[in-house]
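Asker: Here's a structure for you.
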Amino acid sequence: MKKSLLVSMLALVIVIAGCGSSNNSSPSSSNAASPKESTSAPAVESSKEASPSPANADPVSIIAYAFAADKTEENATLNAKIKRFEAKNPNVTITPKYWKYENTEIAIKMASNSAQTEFTTWATEGKLLSSKKWIIDLTDNLANWPYAKDLNEFALAPYIIEGKTYGIPIDAYGMTITINKKLFEQKGVPLPPLDWTWDELIEAAKAVNDPAKGIAGFIPMGKGTEAGWNWTNFLYSAGGEVQTVADGKVTAAFNSEAGLNALKFYKNLKDANVIPKNWALGYGDALTLFNQGRGAMVMCGSGNALDGAINQGGINKDDVLLYPIPSMTKGGKHVGVAGGNYKVINGLATKEQQKAAFDFVVDEYFTDAYLDSIDAQITSQKAKNQVYVPQLINYWNDSSDYGKKYEEILAKHDNVYKYSPELSKLMESKPEATYETQAYYGEMANAIQKVFTSKGDLDLQKILDDTAAKLQKGSFDKVKIE
């Protein structure tokens, strides 16, 4: 899902894409938020900038991943970065070109060799793209990049395949539930414990639910691929898997006992009447409802709901709290979906183009300018009575020198949201499924909609089995693992 504050800062010094969130990386249709980028480009200062190309190097032309034409500020930032890079590397010519990654279009792009030299994609796509050789192994490039050791290992994980690294993280997320504390106080309802369970979520939702006032106890995403993405958190916390991979075959595994428990939980939400009357909500719809104070709890990546609730919805920062995904039973694990957005290099480009594209992507990743821009952004937000919401998971290691500088900047300001230190101790994140994940999310959305629309008893196991069979035939059986 989109990390708007991270993205807005990162775009000052690093070129990123206007797609996924947030899909965060997350379901394609849930990448609705647009980054708020600055047209000003700070001077780049770094102690370990990449060495410029020799003056007599052969000319190389590459295509960069640009924004849609109406994203004028974002494209201005991109163009400024291109000029800075070309000034240091006069043999390289970079042409920006717009195409937002879609997994339904990438095969066509590769067949026609029309994808950009470097592009942004989601955490779900690593094995598909690498198995088709549509992206390159970056291991050797990273070995010669002085900041490789400072990249966050957790964020890197989805693109480390058989010991080789195929992507550079832009952002990463772990799923959480955001709670409007004020609504609990208004109803005189105590907050659930941070180490909570499915039953405690439903009981809390029932206690704070107020349909007469248009306030839902819990806001699930029920429309589009984000519906399946949301539900998978409960599949994971029940100990389930989306799929298994063995002997070159991908097999649906979500129609298991864990999957049945997770779908029963969704039916319990519906039967308890704690979800919005109009539950067919996409990513943006669900967060807007929460921002308006019309829902006590909403589920999305990391702290993404916090920024909108505080800075757009006007909810006091002390009245919104972040919880882990609840465990199925007391003492169980709080496991949620992990995903993110990644930069990859086109496998059909020439070696010279691939090297230039890699250098361009990482050129300003670990600059002092980025940290300065965060400092300036926090100051600017304070002047507007806004709060800076840090990422839970950064692309750098928090223990690195860069991470320590970042923490020092946050400590200087009093308008920075602070997470509970207990959250990271409870929260566990499990990467999204490897193959045909977006197709899976879409099919599970259909199953969830059956649960939310049907009255009376339902054969939930049959719904899962039918969904698994359809997905197996239509998607998983077509996967060829080399």
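Asker: Based on Cα positions only, what radius of gyration and what Dmax would you give for the stretch 372-475, in angstroms?
Answerer: Over the stretch 372-475's Cα set, Rg and Dmax evaluate to 22.0, 58 Å.
Asker: Expressed as a whole percent, how much of the Cα-Cα distance distribution for the stretch 76-119 exceeds 12 Å?
Answerer: Numbers: 629 of 946 pairs.
In whole percent, the long-distance tail amounts to 66.
Asker: Residue by residue, what Karplus-based ³J(HN,Hα) values in Hz, rounded to whole numbers, does the stretch 94-102 have, using 6.51, -1.76 and 1.60 with θ = phi - 60° and x for Gly and Pro?
Answerer: 10, 10, x, 9, 8, 6, 7, 3, 9
Asker: Also: Dividing the alpha-carbon Rg of the chain by 2.2 N^0.38 Å yields what? Could the numbers behind the result be given before it?
Answerer: Values: Rg = 22.3 Å, N = 482, 2.2 N^0.38 = 23.0 Å.
So the Cα radius of gyration is 0.97 times the expected 2.2 N^0.38 Å.
Asker: Suppose all protein chains stay in the model; what accessible area per residue would a 1.4 Å probe give for the stretch 315-408, in Å²?
Answerer: Working: 3470 Å² over 94 residues.
Result: 37 Å² of accessible area for each residue.
Asker: Just the number, please: carbon plus sulfur as a percent of the accessible area of the stretch 225-375, 1.4 Å probe, no ligands or DNA/RNA counted. Write down the numbers at each step before the final one.
Answerer: Working: 2210 of 4710 Å².
On the stretch 225-375, the fraction of accessible area on carbon and sulfur atoms equals 47 percent.
Asker: Okay, next question. What distance in nm lies between label points placed 7 Å from Cα along the C-beta direction at Asp459 and Ser399?
Answerer: Using points 7 Å along Cα→Cβ, the separation is 5.3 nm.
Asker: Further question on the same structure: For the stretch 223-374, compute Rh as the Kirkwood radius over C-alpha pairs and then the Stokes-Einstein diffusion coefficient at 10 °C and 1.306 mPa s; write the answer in µm²/s, rounded to an integer. The partial results should precede the final answer.
Answerer: Working: Rh = 19.0 Å.
It diffuses with D of about 83 µm²/s by this estimate.
Asker: Would you mind getting me the FRET efficiency between Glu422 and Asn316? Use the beta-carbon distance for r and R0 = 30 Å, nearest 0.05. Let's see the in-between values first.
Answerer: Working: r = 21 Å, r/R0 = 0.70.
Efficiency, from the Cβ-Cβ distance: 0.90.
Asker: Additional query: Counting only DSSP beta bridges with both residues in the chain, what percent are antiparallel, rounded to the nearest 5?
Answerer: Numbers: 30 of 46 bridges.
Approximately 65 percent, going by the DSSP bridge assignments.
The values are calculated or read from the model by the stated rules, or taken from the named source; none is laboratory data. Remember, it's a predicted structure, so these values are computed and weren't measured experimentally. Quick reminder, even Gly has a Cβ in these numbers, built from the backbone with ideal geometry, and neighbours come from all protein chains shown. The area values use the complete protein model at the heavy-atom level, side chains included, leaving out ligands, DNA and RNA. Shrake-Rupley method; radii C 1.70, N 1.55, O 1.52, S 1.80 Å.
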